[in-house]
Each structure stands twice: as C-alpha cells, then as structure tokens.
Amino acid sequence: MKGNVCHYPTPGGVGILHFVEESMIQLKIEGMSCNNCVRHVTEALKSVQGVEQVEVSLQEGRAIVTGSAAVDKLIEAVQEEGYTARVDSPSLQPRMA
C-alpha cells in the first residue's frame with residue numbers, strides 16, 4: 001500500500017496523524033481533439049484535492065491520476081471543462097468521496 005502520512009493540528013497544539021492511501025486511477029476521456037484540450041483536462045484534474053500527479057494522452061484518450069482524490073471529483077472536474085470521463089479499468093479500485 002502506498003500513501004502519505006498527514007499531520008492535522010488541533011487546538012492546544014496536539015496533532016492527529018492520518019494515513020492517506022494513494023491510488024492510480026485511469027480515466028477514459030472523450031472529446032479531446034488537440035493539445036489545448038489536453039492542457040484543459042490536465043489543469044482540471046490537477047485542481048482536485050488529493051491529486052499528486054496527472055498524465056493525459058491525447059492519442060489514447062486517457063488520463064492517469066495518482067493520489068488520494070475521489071474518482072467522482074475527478075470525473076466532475078473533467079465534465080466541468082466540457083469533456084466526458086469515466087473509469088477506464090475495472091481492475092482499479094478508485095476511492096469514492
């Protein structure tokens with residue numbers, strides 16, 4: 001299992017440690033036709049809380065997202081840019097919000 005340990009400060013200076021699991025989610029992206037589309041999708045995915053890394057392929061019509069972001073938030077971000085997105089691989093177990 002891959003992930004990060006996050007420290008959340010609390011009142012009084014005591015902190016809470018929380019383990020956040022990272023996953024790799026592959027999305028099928030429809031509607032991209034140029035490198036500008038790739039840029040828009042990349043920026044939209046990077047704006048989602050918990051995203052660590054994004055790779056978008058115009059030729060394959062796919063995005064690979066690494067981090068702890070919820071898949072429904074990723075799909076929503078892509079749809080807000082005017083593209084269609086869905087989980088591309090049933091073997092991946094994406095985290096839902």
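Values in this text are rule-based calculations from the coordinates and carry no lab data. The structure presented is a predicted model; accordingly, all values stated were derived computationally and were not measured. Glycine gets a Cβ as well: all are built from the backbone with ideal geometry, and neighbour counts include every protein chain shown.
Please state the charge dipole magnitude for segment 22-97, taken about the Cα centre, from unit charges on C-beta atoms (+1 on K and R, -1 on D and E), reported in debye and rounded to the nearest 20. Please report the intermediate quantities before stating the final value.
Details: 7 positive and 11 negative charges, 13 e Å.
Once rounded to the nearest 20, the dipole reads 60 debye.
So what's the net charge close to N36: Lys and Arg +1, Asp and Glu -1, counting the other residues with Cβ under 15 Å from its Cβ? The partial results should precede the final answer.
Values: positive: R39; negative: E43, E81.
Residues close to N36 contribute a combined charge of -1.
Based on the alpha carbon coordinates of segment 22-97, what radius of gyration and maximum Cα-Cα distance (Dmax) apply, in Å?
In order Rg, Dmax, the Cα atoms of segment 22-97 give 10.8, 31 Å.
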